[in-house]
Amino acid sequence: MAAFHLIGFDKDLLAKVPKDISKRQLFVYNVLSIMIWVVILICVFSSIIYAQLIFDNLIISISVALFMGFIIHNLYKLFVITTLNGSKIELGKVQKNKESFNETFSKIDLENTSDEAIALEIYKLKEILRVIPEYQKIDNERNGNRLLTLSIKIIIIAIISFVFSTGLELFIFKSKINEVVVEIKNRINDNESLYHWKPFFKENSENRLFRTSSLLLNINILNLGLGNSKYLFDILILLVFMMPLYLATTSKEIYAGAYIKELVLKEIYINNYHNLTTEKYCKSLNRVNDNLITKSM
């Protein structure tokens, strides 16, 4: 399953969700993962072009490309996971309201209650939160921190898309670029006053991907050749790169779907269990410590 491997999708969380909803959630998250895979493949391929132009060594180029693909994968994983945090549903607010949980479990005698009994009490609360409609509502409130975080993500993705779209364009139009490079090389050979350009044009470069080792020269030729149409190509790549983030932030099936609700419920269970058991053992240690002090006196 693509979503499981790429963004850490936990299929077991949908065990208590109706099968039709579960299948729909799996489909949506797989679509999201495929979009991210497309972005990663573009970045890997573009990185090979950049590295091949600079190093002219296929092994080094592939190594650099895989490293860049790993970085982009983790970056998108971070962006998606931080978006899917349950903050847009009422359960997310309940999760953050620790005082309400303290009041709910205040009547439990922790020192005389087993860990299993504590876990059962929390499980009962978790099941109540699952079925109460009040906690299934969607919060459409916008806050400054959320918009600021989203803006930073958009800026980073835009920068990445423009960088890697250029690598893709270099490969697509490499034949035209090489024709211009050959023409420039011939003019340099005919004009001794341009000898300082010769290091950029290696001999026997016919077997190279590009006829010059200068990355900036290739990009400059590309920009001059494409003109304003380059902006159109860059925008198309930008849309591809933005699509996963757009889907994660605007689709209710993702940010407020059954998977997110179950994920928040799991976090509520785990957090409260660890808090209560920690409080239990702290009280026990304090009691033992008090007894030792009393005996010593």
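Any read-out appearing in this document is the output of simple, stated calculations on the displayed coordinates, not a laboratory observation. What you see is a predicted model; the values in this text were computed from it and never measured. Positions of Cβ are backbone-derived with ideal geometry, glycine not excepted, and every protein chain shown enters the neighbour counts.
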* Structure fact -> In the structure shown, of LYS107/LYS280; LYS261/LYS283; LYS126/LYS261, the pairs separated by more than 23 angstrom at the C-alpha atoms are LYS261/LYS283
* What does the charge count near VAL180 come to, summing +1 for each Lys or Arg and -1 for each Asp or Glu among other residues with Cβ under 13 Å from its Cβ? -> +3
* Structure fact -> Charge dipole of the range 1-96 built from unit charges on the beta carbon (Lys, Arg +1; Asp, Glu -1), centred at mean Cα; most positive-end Cα among LEU53, TRP37, GLY69 is TRP37
* Structure fact -> Note: the range 44-185 at 20 °C, 1.002 mPa s; Kirkwood Rh on alpha carbon pairs; Stokes-Einstein D in µm²/s works out to 105 µm²/s
* Those trypsin sites (Lys or Arg not before Pro) in the range 53-113 that DSSP places in a loop and that have at most 10 other beta carbons within 10 Å -> LYS107
* Peptides ranked, highest mean first, by Cβ atoms within 10 Å: ranges 244-252, 10-18, 30-38 -> 30-38, 244-252, 10-18
* What is the fewest-to-most order of MET68, MET243 by other Cβ atoms lying within 10 Å of their Cβ? -> MET243, MET68
* Asked: Hey, can you rank 51-62, 219-230 by average C-beta count inside 10 Å, highest first?
  -> 51-62, 219-230
